[in-house]
Amino acid sequence: MKQTNETNTAGKLNIIVQIFKKLRDYREKINRQMEKRYSPKFIASWTTGLAAVLLCLMLFVPNYLGVADDGSLSKVMRAAGLNYIQSDIDHIYNNYFVRTYSNVLTDFQKGDNSVSTHILVVKAAVWLDNLCTGDKYFDIRFLSLLYSIMYIPALWLFMKQACCMVKKFSEGVVIGVFGLLIFADVSYLTYFNSFYPEALWYVCILYCVGAALAFQRQNKLSRDILYFLILVLSALLLIFSKQQCAIAGILIAVFVLKLIFVRKHWLWNVLCIMTALFLTFTSLTSMVRLDSDFDQRSKYHAMTRGVLFQSDDPAATLSEFGIDSSYEMLTDTSSYDYLPFVKAENADVLQKEFYDQYTISDISMYYVRHPGKLFSMLDVATRAAFSIRRSYCGNYEESVGLPAQARSLFWSGWSTFKENSAPKTIGYIVILVIGIIMLYGRSYSLRPSENRRSTVVLDTLIMVLFICLSQAIISIVNSGDAELTQHCFLMGCGIDMMSYFVLVEILHKLNIL
């Protein structure tokens, strides 16, 4: 009986081996046939073309998809000269996506003088709508059209650089499919039909990473200058989109300094140094000139939902800030609660004994003194970053007839997997970093005489990592865990990018495709 079982097992293994050999032979046959026709541009073009089809189905074909207003978009709308047509809009917030707006403000609906690249893009869409229609209404699909025009070349450049890492057609196809699943997911594209800055952030980071990775190969000088310009211009759009993105400009400036070593010419060196200084200056300007992304309510949450939230002894922690220990009762409270313990924006009684006792700088220094608490908060931020979609915001118009806050399942495989099955811990990022160093660090060299283009991929992914961490830390220091969803989009996007390139290199190393 035992011998019979062993024979059956051996037979099954032999069948599996034969199937694997046939698949391998079929793969080699396809690769031989496509050897002369395969190129990174070929895969990137097909991936981008399919992404464009998905984009049209989501944004320009009924039922139109977008992201409902969570109540934070009024400032952007006023700055662009827009307002809701509906008189009763309370039931719309979070629940339904709105496609049409009024572009004529009354005296009561005063405009806002805020300026940012995000607002300029919205204004450009309003101008385009007026040019094409000439009516008094704004169709947000004009905004999604502008984002789409920016997105298609960005995705093409990004995918082309990913496909440059492999030489076989079969590997390129799989890389393209994964790229399509991740970077054309509904969680990303529905932001195009909204006034959230996430759409601009997404396009900019695709350009930045795609242009940065373009230096991994030896190029003509004209090509290197083109990629350099794309990197700098997309960085400027990102820097001036929101104050919280200013730090990203400094991190990109560090990467630009590293580009000194890809070409051995003093003019190139001067260009890199001057550009790095320019990006640093513009980043500091953005920090000073753009309005803060956080308010008094955020400051309240920075203490109650951040410092005290992770404290083992809230009373002792409060004493570090010179705050009476009786305020430990505010631990874990939020002004967003249905029945808030205190309304942060109206709590005059707290001003002297609570708010005036600490600043954001004090909170920053607290996390410097207690790095373990910051690490714990980063774990919370990582969980929030895995859900790029606003789970409390619907994707459909009210006229569609679906329940409030209904979200589309179309092309949501990646975002659904992340929300339900992915390991949402800071440990996952640590594993990603280890994987990146092991996979891309073997060819890393600091010798000036060697070709330093071999370090570009690792340098780029490290830049993405620090952008992720910077966005999380900014949100934690300024508002605890209360506003992570609103401010950690770039962290979630960066995790997707790092995961993607680790997957690409693992598949390439295994040679199973």
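Convex hull volume of the Cα atoms in the stretch 220-292, per residue, in Å³? It would help to have the intermediate numbers written out before the result.
On the way: hull volume 4.5 nm³, N = 73.
Hull volume normalised by residue count: 61 Å³.
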ask   = So how do Glu353, Glu397 rank on accessible area, 1.4 Å probe, biggest first, that is with the largest at the start?
value = Glu353, Glu397
ask   = Taking a probe of 1.4 angstrom, what is the accessible area of Met274 in Å², to the nearest 10?
value = 120 Å²
ask   = Expressed as a fraction of 2.2 N^0.38 Å, the rule-of-thumb size for a compact globular protein of N residues, what is the C-alpha radius of gyration of the stretch 137-254?
value = 1.14
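Per 0.36 nm of contour for each residue apart, how much would the distance between Thr133 and Leu120 grow if the chain were fully extended, relative to their Cα-Cα spacing?
Values: separation 13, 0.36 × 13 = 4.68 nm, distance 1.98 nm.
Value of the extension gain: 2.7 nm.
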remark   = If the chain between Ser361 and Asn94 were fully extended at 0.36 nm per residue, the gain over the current Cα-Cα distance would be 92.8 nm
remark   = Using alpha carbon centers only, the stretch 132-170 is separated from the stretch 219-237 by a whole-angstrom value of 18 Å
remark   = Expected field for His508, accessible surface area in Å² at 1.4 Å probe radius, rounded to 10, holds 70 Å²
task = Could you provide, to the nearest whole Å², the per residue accessible area of the stretch 221-331 with probe 1.4 Å?
result = 46 Å²
task = Report the far tail of the P(r) of the stretch 376-513, meaning the percent of Cα-Cα pairs longer than 18 Å.
result = 63 percent
ask   = So how do 173-183, 426-436 stack up, highest first, on mean other-Cβ count within 10 Å?
value = 173-183, 426-436
request  = Go through Lys258/Lys509; Lys242/Lys299; Lys299/Lys373 and tell me which ones have a Cα-Cα distance over 22 Å in this structure.
outcome  = Lys258/Lys509
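Using a 1.4 Å probe and counting only protein heavy atoms, arrange His370, His118 so the residue with the most accessible area comes first.
Values: His370 55, His118 5 Å².
Sorted descending by solvent-accessible area, the residues read His370, His118.
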request  = Let me know the volume per residue of the alpha-carbon convex hull for the stretch 231-346, in Å³.
outcome  = 158 Å³
Residue-level accessible surface for Tyr84, protein heavy atoms, 1.4 Å, Å² = 20 Å²
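The values are calculated or read from the model by the stated rules, or taken from the named source; none is laboratory data. Since this is a predicted model, take the numbers as computed values, not measurements. Because the Cβ atoms are built from the backbone with ideal geometry, glycine has one as well, and the counts that use them run over all protein chains shown. Quick note on the areas: whole protein, heavy atoms, side chains included, nothing else; ligands and nucleic acids left out. Shrake-Rupley method; radii C 1.70, N 1.55, O 1.52, S 1.80 Å.
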